[in-house]
Amino acid sequence: MAGREEAKKLGLADYEYDEIVKTLGRMPNHLELGMYSVMWSEHCSYKNSKPVLKRFPTSGPRVLQGPGENAGIVDIGDNLAVVMKIESHNHPSAVEPYQGAATGVGGIIRDIFTMGARPVALLDSLRFGNLDDPRVKYLFGGVVSGIADYGNCMGIPTVGGEVYFDDSYRDNPLVNAMCVGIIRRDRIVRGKAAGVGNSVMLVGSATGRDGMHGASFASEELSEDSVAKRPSVQVGDPFTEKLLLEACLELLKNEWVIGVQDLGAAGLTSASCETAARAGSGIELDVCLVPRREENMTPYEVMISESQERMLVIVEKGHEEEVKKIFEKWDLNAVKIGTVTADGMLRVKENGTIVAEVPAKSLADGAPSIKRESRKPSYLENIDLDLSSIKIPADLNSVLLKLMSLPNIASKAWVYQQYDYSVRTDTVVSPGSDAAVLRIKGTKKGIALTTDGNGYYCFLDPYEGGKQVVAEAARNLVVSGAKPLAITDCLNFGNPEKPEVYYQFEKCVNGMAEAASFLNTPVISGNVSFYNETKDRAIYPTPVVGMVGLLEDVEKRCTMEFKKDGDIVVLLGENTEELGGSLYLKEIIGVPGGRPPRVNLDMEKKVQDCCLKAIELGFVHSAHDVSEGGLAAAIAESCIAGNIGFSGEIETEVRPDAVLFGEAQARIILSLPEENLSLLQQIARELGVKITVLGFVKCGNFRLEVKSKGYNVRKLDIPVDKLALGWRNAIKWKVES
Amino acid sequence: MINARIHVRFKSGVLDPQGTAVKGALKQLGFENVVDVRVGKLIEVKLNVEDEKDAKDEIKSMCEKLLANPVIEDYSFELSV
Amino acid sequence: MKCAVIMFPGSNCDIDCYHVLSEVMGQPTEYVFHKEKFSPGDFDLIVLPGGFSYGDYLRAGAIARFSPAMDSVLKAAEAGRLIIGICNGFQILLEAKLLPGAMKVNKDLKFHCHDVFLRVDNVETPFTGLYKKGEVIRLPIAHGAGNYYADAQTIEKLEAENRIVFRYCDRSGNVSDAANPNGSVKNIAGIINKQGNILGMMPHPERASEDILGSVDGKRLFKSILRCIEGRTTIYGR
């Protein structure tokens, strides 16, 4: 029997141990306690976040599957649906960047094809410290090649994502991987172990001792010992996973397949108790039947091993041989290890002798949830900045040049060109634009995909920051011509036991939930990653949103680059005096902080509706959202991407640097033939959207004149080549120096 | 049982991209004495064979057939019981 | 034109090649699983697609060449059937010694995914008849081991026999170091065998065969093959 002391060592609190004893009506044994400790870790149980996550809108007319399954599903018509999920692999990547990132990708891909969907795209949202730090360079390089090697080998294009650098992520990088699949509506498979007497089979790789207690590892802060915990990191085998993918998709066409579940965190323990719990049934299995890669493994090791590339498959009794035949074709194991029972228990045997027996439901869903204490951090009390004390630099040309070569604004080509983004021949808008667009063969449709997050804004104002993340993701889809449909989210925060961190978490979720409701983009799947801190240094609160949008006609997709000399360039939305939280203030002026831009959801929705309508009418040549670096950076990006200049002027009441570099939300830049301007103005008027002519696409330099009331006229005039040079090479230069 | 340790490396004269990169890194770390670096593969094979000569023949055949590509690679091996 | 796309374990451009041959070109196309065999007469064109056969775990293409389907490919090659290896397929052809030389990892050790410009140096092949000699085309590459190597003698022979079909170049057709993405000797991107029925190339024509993908330069390769096969069928048919 295992007592309180052992429970503590495994990371279980006293009240959790008491709950286990109460549930079982006796003390647990060593194996049972081990299973509880992994399942009741934050990573598997969401015990710290559940009550807060309830605030998200999770349903809608298009939602076919909300949170609680391997992945969420949203209807896109034509009997097709999009399956998607994002997940963190932060801790493993901090310790072993290559394998940590690779297995993160492997895990999220399995979540998609377990539902029966063919994975069609990957996106990765990455955050690191400052690239001047040699260890950061090592982490950055390792993570990128880990993602590349896994995704490329699988033949799933990595079409988008983000890369962001800030000191707050120095020791605790964030690696969030998202996978998107397409499925026929009538072929959706769920992770259920239903039907008493049906067979429980384990397919894929053999089991070894890798990744023991990975789930618990992800649920504590990183420390010096973390490096010594390296064995906790699994090694990925994308080749086997590719075979597993093909075999599973072949298998899942059969109606006698009852359910499938990926073996991820907490391995066989979680897959068996979760499938049983979802169906309200039990599972009895024998660890001796599990194919192994190492000798003398104990039941404990078999049950919690996190060896990769394995799946649990539940099939109607009598079809075991057919399963084996399919997996043999792909040179993979498929072994019956147990059966579905009626009594709700997860019963583990070793050669026929019972070695663990616990209610599956208590293991899967029974972790007592905790409403943590929440306290507003003191730094938020004096966040406001006095703008009048900030002098506008004399040379704004060099400000823009510097901004464009900041790694956070500069081109991420160094990263995405290591990813195969064109395999499957569906990528019709490649990485580097606001969102990726994929065609769906056999239909006229397309889907647009993006991930977004701004931890800096969330740090400065968790509630507004939470709203902003959702708004910006939706905006990125809209400028691509897509109607936003649904969200998958990855919530990366510090230690939730600290009231200040919990406050950030709650407020971010509140903001996200409000924006998601307002913009009709329900949250259909997601992941929470706590304990992202080291030596009392927490990361910025960093919720990341993955969003999918639908284009009814993929030929109407839009991209950001200016295309035609003479096109008129207009701004939808309003310039404001907001400079707080901008990269300009932080990196150029050297004044971090300030209140980040507010998100007026009503205006946001109107601006997005206006943009979408204009794109659908077919006269918009380019659309680009205004984000970090402000209006000037956004116009410059459209120039660089189109390899063409711009000439314009702005008359305004707002101070010149705020107009140029402020990051006010709900703004989109469009270029279109001048003769269509009146039509656009009419649409904008009907929707109540402010529209301003900024200038014209013009061969030659990037030229912009700002006439602010009460200020001297300020001029930007830079050759596009010169802007492009730093923008194209900034990351490469940093990495290779 | 005989254990074979097989080394596969680029032939001399064939540019080794990994070796070149490692050499650059070592120099940057201050290892000034480094003249050349070659990166190869170590493959360990366990053979259910008693006779050393048989083992040698079999390993040689493996190398030529699959483990090394004679266009760019050389191989060598040692056996131990 | 009857086409086969070989599926090795780890192939991942098989569906793309199938899509182009069957949907875009409208030709009867079949997948051939690596464990299957076929007769030389079964197909006019055999495609060895890109991907990571056997994970590229030992060397790219090294293990795939021992599969049963490759025996049939060898026989078809001898019988003069048209065979094209794209990316990993090219690597397999090299390992199978159907083409000379070998592939190393890219000189910067990184995977490269982007468009490249290629100069078409030989248009007198069944695969390139619809290109103009010296024409610059644009195709995507996506590989980690496309650094073609052959000893000086082999290269000399390839050049003398006009067997270098594609070379990496810049927008204006200059074959330079700067335009070489992976370190290949002489900027080689694609070569053909002496008999002229086996082409290996690293760039992906199947990813540039539809307007929606931004380039149709790759489609002319498939059209060239079709023209060649149909022309031959007509002649033989008489």
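Each value in this text was obtained by applying a stated rule to the coordinates, not by laboratory testing. Source: prediction; values computed, not measured. No Cβ is skipped: glycine too gets one built from the backbone with ideal geometry, and neighbour counts run over all protein chains shown.
Things worth noting here:
- In this simple spin-label model, placing a label point 7 Å from the Cα along the Cα-to-Cβ direction at both C:Glu230 and A:Ala206 gives a separation of 5.4 nm.
- Fraction of antiparallel bridges per DSSP, the protein assembly as shown only, in percent to nearest 5: 75
- Crossing angle, helix B:52-62 versus chain B [Cα axis fit, 0-90 degrees, rounded to tens]: 60
- For the stretch A:189-365: rounded, prolate or oblate by the Cα gyration tensor [a/c cutoff 1.5]: oblate
- Phi to ³J(HN,Hα) by Karplus 6.51 cos²θ - 1.76 cosθ + 1.60 over the stretch A:392-402, Hz, x for Gly, Pro: 7, x, 5, 9, 6, 4, 6, 4, 5, 4, 5
- For the stretch A:622-727, GluC sites (Glu not before Pro) are listed when DSSP marks them as loop and at most 15 other Cβ atoms sit within 10 Å of their Cβ; the list is A:Glu653.
- In the protein assembly as shown, the calculated helix contribution to ellipticity at 222 nm averages -9500 deg cm²/dmol per residue, counting -39,500 (n - 2.57) for every DSSP H run with n ≥ 4.
- Gap separating the Cα centres of the stretch A:554-608 and the stretch B:25-58, nearest whole Å: 56
- Backbone HN-Hα couplings from phi across the stretch A:717-729 [Karplus 6.51/-1.76/1.60, Hz, Gly and Pro as x]: 8, 9, x, 4, 3, 5, 5, 5, 4, x, 4, 6, 10
- Compactness check for the stretch B:2-80: Cα Rg over 2.2 N^0.38 Å is 1.35.
- Shape call, the stretch C:104-238: gyration tensor on alpha carbons, a/c limit 1.5: oblate
- Rounded to the nearest whole Hz, the Karplus-based 3J(HN,Hα) values (6.51 cos²θ - 1.76 cosθ + 1.60, θ = phi - 60°) of the stretch A:283-292 follow the sequence 9, 10, 9, 10, 5, 5, 7, 6, x, 10, with x at glycine and proline.
- Built amide H within the under 5 Å cut-off of A:Ile76, gap 5+: A:Ala81, A:Val82
- Most simply put, the stretch C:3-237 has about 60% antiparallel DSSP beta bridges, counting only bridges with both residues inside it.
- Using Cβ point charges alone (K and R +1, D and E -1), the dipole size of the protein assembly as shown about the Cα centre works out to roughly 1700 debye.
- With N the number of residues in the stretch A:407-464, Rg(Cα) / (2.2 N^0.38 Å) evaluates to 1.47.
- Calculated Rg and Dmax of the stretch A:558-737 using C-alpha coordinates, Å: 16.1, 53
- If you wrap the stretch A:251-310 in the convex hull of its Cα atoms and look at it from every side, the mean projected area works out to 4.8 nm².
- Once backbone amide H atoms are built at 1.01 Å from N, A:Ala486 has A:Val548 as its partners under 5 Å, excluding neighbours fewer than 5 places away on the same chain.
- Rounded to 5, the percent of DSSP beta bridges in the stretch A:623-718 classed as antiparallel: 65
- Environment charge at A:Arg62 (Cβ cut-off 15 Å; Lys +1, Arg +1, Asp -1, Glu -1): 0
- The stretch between A:Glu381 and A:Lys444 holds 17.5 nm of extra length on full extension. This uses 0.36 nm per residue minus the Cα-Cα distance.
- Counting Lys and Arg as +1 and Asp and Glu as -1 over every other residue whose Cβ lies under 12 Å from the Cβ of A:Gln417, the net charge comes to +1.
- Built amide H within the under 5 Å cut-off of C:Gly183, gap 5+: C:Lys107
- Global form of chain C, assessed from the alpha-carbon gyration tensor, a/c cut-off 1.5: rounded
- Distance between the C-alpha centres of the stretch C:139-182 and the stretch A:693-736: 38 Å, rounded to the whole angstrom.
- Estimated translational diffusion coefficient (Stokes-Einstein, Kirkwood radius over Cα pairs, 4 °C, 1.567 mPa s) of the protein assembly as shown: 43 µm² per second.
- Nearest 10 degrees, 0 to 90: helix A:462-478 Cα axis against chain A principal axis: 80
- Proxy reagent accessibility, fewest Cβ within 10 Å first, across A:Lys556, A:Lys564: A:Lys564, A:Lys556
- Where labels lie 7 Å past Cα in the beta-carbon direction, separation of A:Leu725 and A:Glu616 in nm: 4.5
- Highest-fluctuation residue, B:Ala25, B:Ala68, B:Ala55 considered, GNM on chain B with Cα pairs under 10 Å: B:Ala25
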